[in-house]
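For reference, the structure is listed below as structure tokens.
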Amino acid sequence: MAMYSKKVMDHFMNPRNVGEMENPDGVGEVGNPKCGDIMRMYLKIEDNIIQDAKFMTFGCGAAIASSSMATELIKGKTLEEAWDVSNKAVADALEGLPSIKMHCSVLAEEAIHKAINDYRQKQNLPLWGEKEEEKPE
Amino acid sequence: MAMYSKKVMDHFMNPRNVGEMENPDGVGEVGNPKCGDIMRMYLKIEDNIIQDAKFMTFGCGAAIASSSMATELIKGKTLEEAWDVSNKAVADALEGLPSIKMHCSVLAEEAIHKAINDYRQKQNLPLWGEKEEEKPE
Amino acid sequence: MQNSEEEQKLVYMDHAATTSTDPEVVNAMVPYFTEYFGNPSSPYTIAKESEEAIEKAREKVANAINAKTDRVFFTSGGTESDNWAIKGVAFANKNKGNHIITTAIEHHAVLHPCEWLEKQGFDVTYLPVDKYGRVSVDDVRDAITDQTILITVMFANNEIGTIEPIEEIGEVARENGVYFHTDAVQAIGQLLVDVEDMNIDLLSLSGHKFYGPKGTGALYIKKGVKIDNFMHGGAQEKQRRAGTENVPGIVGLGEAIEHVTSDIENHAKRMQSLRDRLINGLLEIPKTHLCGHPTERLPNNVNIVFEYIEGESILLMLDSYSIAASTGSACTSASLEPSHVLVGCGLPHEIAHGSLRLSLGKENTEEDVDYVLSVVPNIIERLRSMSPMTIK
Amino acid sequence: MQNSEEEQKLVYMDHAATTSTDPEVVNAMVPYFTEYFGNPSSPYTIAKESEEAIEKAREKVANAINAKTDRVFFTSGGTESDNWAIKGVAFANKNKGNHIITTAIEHHAVLHPCEWLEKQGFDVTYLPVDKYGRVSVDDVRDAITDQTILITVMFANNEIGTIEPIEEIGEVARENGVYFHTDAVQAIGQLLVDVEDMNIDLLSLSGHKFYGPKGTGALYIKKGVKIDNFMHGGAQEKQRRAGTENVPGIVGLGEAIEHVTSDIENHAKRMQSLRDRLINGLLEIPKTHLCGHPTERLPNNVNIVFEYIEGESILLMLDSYSIAASTGSACTSASLEPSHVLVGCGLPHEIAHGSLRLSLGKENTEEDVDYVLSVVPNIIERLRSMSPMTIK
Ligand SMILES: Cc1ncc(COP(=O)(O)O)c(C=O)c1O
Ligand SMILES: Cc1ncc(COP(=O)(O)O)c(C=O)c1O
Ligand code: FES
Ligand code: FES
């Protein structure tokens, strides 16, 4: 079986930002259609900036590390910047994922998107779409 | 591949009674239908007794050892006794042959029979047959 | 709970996956690499050593399963033995029928050959199992048609440890004139195996599951069984299995099976007591269940599911504590499907996800068990604290 | 002529049958039996060592034949590789056609799978060879029909050493959109092998022919080749070849192929000079002929027939002088048929009977050659003096 980089193991063994959040401004929960795992992401947003992010994940080492890394990457970013954090960016920041584990990082990207749109919905802002042309510029 | 007993190796490396015979009283040459080898046996016969026996063999170690042992076994025997020396007797005297090599000892039995009948023919005696009921009593 | 950074010796509890090769077995093998390296098919002296070594090993394997020596054929492992048994019987008997009976929880080395044969026009019945993973003997009997040529049911399951009713199935097979193959890869060295008493026509085994070398195995074929060759080529193994014999491997297989079956009752008793200590300890953790049969199970198999968490994560954390184990989670399988065995026992996918298999071996001690029991509860708690499923 | 009872060190000249495993190779293997014994499919630390070792070995094998690393799949030997290539392509492409082209002098690991496929409804053309054992490229081209799915021609023959026109056959195969498999079991370590340059789609090799361990091999499968699995089961080898990986064996295979291909030109030159010294010396014996091609032959292969005598007898006598060799005589074959290769080259049965193959290896010296040349004439004379065929 493919094994993980040191960075993945670090974020798996010592995950950043794990746990629930009281009164989040946005929440996104997604399921991994490949293997059936679940990731939930909480955002605290002020002035269009992600002040805090937390996650809860039911999944493999790559899923947990991706959640951890994704929350780290988006903290302090604008929503537009956070939206653009791709699964590849998460995987790269983790110093790579085995190819059969790339889908776990997709989970993180999707959870961010869903949490941002949850926030936008609550704010009565138009939702952003997944497709390239619909992304914020 | 099945290997040979010490006795076989002895009779192969130091075959007894190998060579041609001048003016033999009986000669038998047989071919091994299984692998295509050839054995020729010469007999010197006096007073119904095998005084001497010699062989020439184109064949494997088991064939050469069987020839050697067979000539040893029949020397000094009456023709009736010699006729009764079976391939099994030859193999037993060699302390056994691998099962895929038993047919090589059959070659020896047949060569003896053929040589005896060659002698009987020259003496205008009726030939002995291979089948049980036709053997001399 | 010990810190993972300290020097903890490896506590290996994944013997169902593979075992280390016994140093004694390796020592027995080494001369056949460099000294007695001759091709056993050759007629010269050094090759004689190889040939004799193979025949000695064959006798040891035969003794271990109460078979006639000349009915044991060496292969490259459990997978080859299973492929040979199933495809060999199928092709050799296709004039007689095209139906094969097996179970839903066989190893892939049985299931995938069956699936491939379906593409070649064979019919396969995959019998269900009960929640403990046991197949019903009546189901086997009822599945037999006049087209049935083979029943293949594993001796004991590699994931959940459940022991199948082999003797009874053997009886049914014999009554109906159908060949009976059993994959005994997990049973050797743990259970008494007797091909005569149990009416077994074909039996697969694999060396690396009992401290023998990887890449070695054997297939027992009862006299008279009609079976095609699988590995076609040279005249090795009495023209039944071609390929230059893996002499060191075969020697190692023979050594290993002799060791492991020499005192099987005591070994099994010891394993069973460690196993039960482990099971009882783990079941004290809340929302935790035992998979497989409570009593009809391999003496060295522990399989527990922990709700709300995922198996690979458990394994990685255990690894950081130098504990080696296994899981049926979808995340660790190449297909990203949860274990067909756990699903076959009726477990929902998300529960199967949290499975942990600990398979014991001879070097494991009570201390090891207690160490595992000291580590696991914290890991489970930690992972559950990250899980979105624990909170409503 | 030395007496056989004295202490003569073994002069092993049967490297085409098998080789000893290099002590360095054994040393590389040993840790993977006892220390890094983990199942490469497992996610914990000790298993990582096994997995990395396998990938390193794969790279070494790929380098040796100029293949992409991920197109090399490990097997249990040359026989399995041949079986997989031939049956795998046949079953996967039966919708496209049912015709296979091969030669009459292939190894049984190719011929017997072909014969078995004939029973399953495939058509096989066994092309003849010339008196040197070479197949004609035109014959290959002419044999292709719209049903042809596979051409399988060996790189070099194991008995007579003749090298086949592989590059040209590869060209013909490519022009006609037919897969091309070559059994390169005897070529590795003796000849330059390049799957790219030579248009090879599938290539078999076997570890124990080049100082690697027995029971190891590989199949190269070019990207895009449609081929069924042969060993069905677990997800090993990217789901192409099931069965727990023989980690020590694979490590040994990698080590061995790296050693043996590292300085192939010089090695071949040295072998060729010993070979020619041996051939020239033996041909001085009367009624003696060289089998195989005089120049297009493996640098380490000598094959001579001695009229009027039988090969097993020669081998036994040579053995008593501590010389290990081989023969194509009917008497040494399990089928009691003379070598199909010698017969395929047009030799009458009784001549094929007297064949002697000496296959050289890296430890052989000029001294060894001279020792053999000092012994053989006497043996031939002695056996001829017992032969009923020498006198009219
Ligand atoms: C029950 C069972 N059958 C077959 C196999 C396959 O054996 P191997 O991997 O040695 O080919 C295994 C183990 O992998 C097994 O546990
Ligand atoms: C040309 C050739 N092909 C295939 C094989 C089979 O290889 P193995 O015996 O390693 O399975 C051999 C040797 O036995 C061979 O010489
Ligand atoms: S979450 Fe299942 S494989 Fe990563
Ligand atoms: S004479 Fe040919 S096998 Fe004995």
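Taking each residue in C:112-120, count the Cβ atoms of any other chain within 10 Å of its Cβ, then average. What number comes out?
That average works out to 3.
Starting from region C:117-179, pick out the trypsin sites (Lys or Arg not before Pro) whose DSSP state is loop and whose Cβ has at most 16 other Cβ atoms within 10 Å.
C:LYS131
Would you mind listing the distances between the D:ASN27 label point and the same position in each other copy? Use 7 Å along Cα-to-C-beta, nm, one decimal, shortest first.
Label-point distances to the other copies, shortest first: 2.1 nm.
What does the structure give for C:54-64 when I average, per residue, the other chain Cβ atoms found within 10 Å of the residue Cβ? Intermediate values should be presented prior to the final figure.
Values: counts 0, 0, 0, 0, 0, 0, 0, 0, 0, 0, 0.
Per-residue shielding by partner chains comes out at 0.
Only Cα pairs within less than 10 Å get springs; with that Gaussian network setup on chain D, which residue of D:GLN147, D:GLN186, D:GLN120 has the largest fluctuation?
D:GLN120
Taking R0 as 41 Å, what's the FRET efficiency between C:LYS94 and B:GLU22 from their Cβ-Cβ distance, rounded to 0.05?
Numbers: r = 65 Å, r/R0 = 1.57.
About 0.05, to the nearest 0.05.
Mind listing which trypsin sites (Lys or Arg not before Pro) in region C:200-248 are in a DSSP loop and have 16 or fewer other Cβ atoms within 10 Å? Working shown, then result.
Values: sites: C:LYS209, C:LYS214, C:LYS222, C:LYS223, C:LYS226, C:LYS238, C:ARG240, C:ARG241; in loops: C:LYS214, C:LYS222, C:LYS223, C:LYS226, C:ARG240, C:ARG241.
Of the trypsin sites (Lys or Arg not before Pro), the ones in loops of region C:200-248 whose Cβ has at most 16 other Cβ atoms within 10 Å are C:LYS223, C:LYS226.
So what is the relative contact order of chain D, in percent, for Cα pairs below 8 Å that sit 6 or more residues apart?
22
Using a 4.7 Å Cβ cut-off, which Cys residues in chain A lack a partner cysteine?
Lone cysteines by the Cβ rule: A:CYS35, A:CYS104.
For D:GLN8 and C:ASN27, what is the calculated FRET efficiency with R₀ set at 25 Å and r taken between the beta-carbons, to the nearest 0.05?
0.30
What residue among D:ALA16, D:ALA64, D:ALA235 has the largest mean-square fluctuation in a Gaussian network model of chain D, using Cα springs under 10 Å?
D:ALA235
Which helices pass in chain D if a helix is a full DSSP H run, must span at least 24 angstrom along its long axis by Cα, and must have mean Kyte-Doolittle hydropathy not below -0.5?
D:366-386
Among C:HIS181, C:HIS353, C:HIS289, which one moves the most in a GNM of chain C with springs linking Cα atoms closer than 10 Å?
Of the options given, C:HIS289 has the highest mean-square fluctuation.
Which percent of the accessible area of the protein assembly as shown is formed by carbon and sulfur heavy atoms (probe 1.4 angstrom)?
Carbon and sulfur together cover 47 percent of it.
To the nearest Å, what is the center-to-center distance of region C:248-312 and region D:124-146, using C-alpha atoms only?
Measuring centre to centre over Cα atoms gives 58 Å.
As a check on your reading of the symmetry: which chain C residue has its Cβ nearest the axis that brings C onto D, and how far is it in Å?
Of all Cβ atoms in chain C, the one nearest the axis gives C:SER76, 2.
Between D:HIS289 and C:LEU192, take the C-beta separation as r, use R0 = 56 Å, and let me know the FRET efficiency to the nearest 0.05.
Using R0 = 56 Å, I get an efficiency of 0.40.
Output needed: Cys residues of chain C lacking any neighbouring Cys C-beta below 4.7 Å, sorted by number.
That list is C:CYS114, C:CYS291, C:CYS345.
Return the distance in nm (one decimal) between the two label points of a simple spin-label model at D:SER262 and C:ASP130, each offset 7 Å from Cα along Cα→Cβ.
So the two model labels end up 6.2 nm from each other.
Using 0.36 nm per residue of separation minus the Cα-Cα distance, give me the extension gain between D:LYS223 and D:SER374 in nm, one decimal.
Contour length minus the Cα-Cα distance gives 49.2 nm.
Over all directions, the average projected area of the alpha-carbon convex hull for region A:46-92 comes to how many nm²?
3.2
What does the accessible area per residue of region A:1-47 come to in Å², with a 1.4 Å probe and no ligands, DNA or RNA counted?
47
Which lysines have a Cα less than 23 Å from the Cα of D:LYS119, not counting those fewer than 8 places away in the same chain?
Answer for D:LYS119, where 23 Å is the Cα cut-off: C:LYS87, C:LYS94, C:LYS96, C:LYS119, C:LYS226, C:LYS238, D:LYS87, D:LYS94, D:LYS96, D:LYS226, listed by chain and number.
In whole Å, largest first, what are the principal axis extents of the Cα atoms in the protein assembly as shown?
Principal-axis extents of the protein assembly as shown (Cα, largest first): 125, 58, 55 Å.
Which of rounded, prolate or oblate describes region C:219-303 when judged by the alpha-carbon gyration tensor and an a/c cut-off of 1.5?
prolate
Under 21 Å Cα-Cα from A:LYS75, which lysines qualify once same-chain neighbours fewer than 8 residues away are excluded?
Straight-line reach from A:LYS75, under 21 Å: A:LYS7, A:LYS44, A:LYS54, A:LYS88, A:LYS114, A:LYS122, A:LYS135.
What total accessible surface area, summed over both chains, is buried at the interface between chains B and D, computed with a 1.4 Å probe and given in Å² to the nearest 100?
Values: alone 7180 and 16980 Å², together 22150 Å².
Buried: approximately 2000 Å² between D and B.
Considering only protein heavy atoms, what per residue accessible area in square angstrom results for chain C with a 1.4 angstrom probe?
Ligands and nucleic acids excluded, the result is 34 Å² per residue.
What are the label-to-label distances in nm, one decimal and shortest first, from D:LYS287 to the same spot in the other copies, with labels 7 Å along Cα to Cβ?
Those label-point separations list as 9.0 nm.
With the solvent-accessible surface defined on protein heavy atoms using a 1.4 Å probe, which residues belonging to region C:222-267 display a reduction of at least 40 Å² in accessible area in the multichain context relative to the isolated chain?
SASA drop of 40 Å² or more in region C:222-267: C:PHE230, C:MET231, C:HIS232, C:GLY233, C:THR244, C:ASN246.
Below 8 Å between Cα atoms, with a sequence gap of 6+, how large is the relative contact order for chain B in percent?
After rounding, I find 28 percent.
Give me Rg over Rh for region C:23-262, both radii from the alpha carbons and Rh done the Kirkwood way, two decimal places.
Taking Rg over the Kirkwood Rh, I get 0.98.
Using the 7 Å Cα-to-Cβ label point, sort the distances from D:LYS119 to its equivalents in the other copies shortest first and give them in nm to one decimal.
2.2
The values are calculated or read from the model by the stated rules, or taken from the named source; none is laboratory data. Every value quoted in this text rests on a predicted model; they were computed, and no experiment measured them. Quick reminder, even Gly has a Cβ in these numbers, built from the backbone with ideal geometry, and neighbours come from all protein chains shown. Ligands, DNA and RNA are stripped out before the accessible areas are found, and what is left, the full protein with its side chains, is counted by its heavy atoms. Shrake-Rupley method; radii C 1.70, N 1.55, O 1.52, S 1.80 Å.
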